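A short write-up of the structure that comes next.
Bear in mind that the values in this text are calculations on the coordinates, not laboratory data. In this text the structure is predicted, and so the values were computed from the model without any measurement. For neighbour counting, all protein chains shown are included, and Cβ atoms are generated from backbone atoms with ideal geometry for every residue, glycine included.
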Amino acid sequence: MSEYTRLNCFCCNRIVDSEMPENPMVIGIAYRALLFRATGNYGSSVFDPPHECPEILQIVICDDCLKKKAKRVTRLYNIEHEATAECGEFIP
């Protein structure tokens, strides 16, 4: 069962309607937007969780912002995995 919620675009703060499933590891539906996930980066001074305790950051970017900055996007594909986790607020 999904829960209807409103998120804000990471870039422009526009309200994005979405449906988020009960299991936070299942990517929900963001209408007129995309959800992005990051597992961290060794070079980051803000977010690089230890391998033993994996975490993920998730943001939403509206379609308009994605179109405006399309030349900065790299597409990765053929990625598959299943997992489960808890979600919480990111505080740098």
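Per-residue 3J(HN,Hα) values for segment 60-70, derived from phi via the Karplus relation 6.51 cos²θ - 1.76 cosθ + 1.60 with θ = phi - 60°, read 10, 10, 5, 4, 4, 5, 5, 5, 4, 10, 4 Hz in sequence order (x marks Gly and Pro). Computed 3J(HN,Hα) for segment 33-48, one whole-Hz value per residue from the Karplus formula 6.51 cos²θ - 1.76 cosθ + 1.60 where θ = phi - 60°, is 6, 10, 9, 10, 10, 10, 8, x, 8, 3, x, 6, 8, 10, 8, 8, glycine and proline marked x. Each peptide in 21-32, 48-59 receives the mean, over its residues, of other Cβ atoms within 10 Å, and ordering these scores from highest gives 21-32, 48-59. Within the shell defined by Cβ-Cβ distances under 10 Å, the residues around Leu7 carry a net charge of +1, with Lys and Arg each +1 and Asp and Glu each -1.
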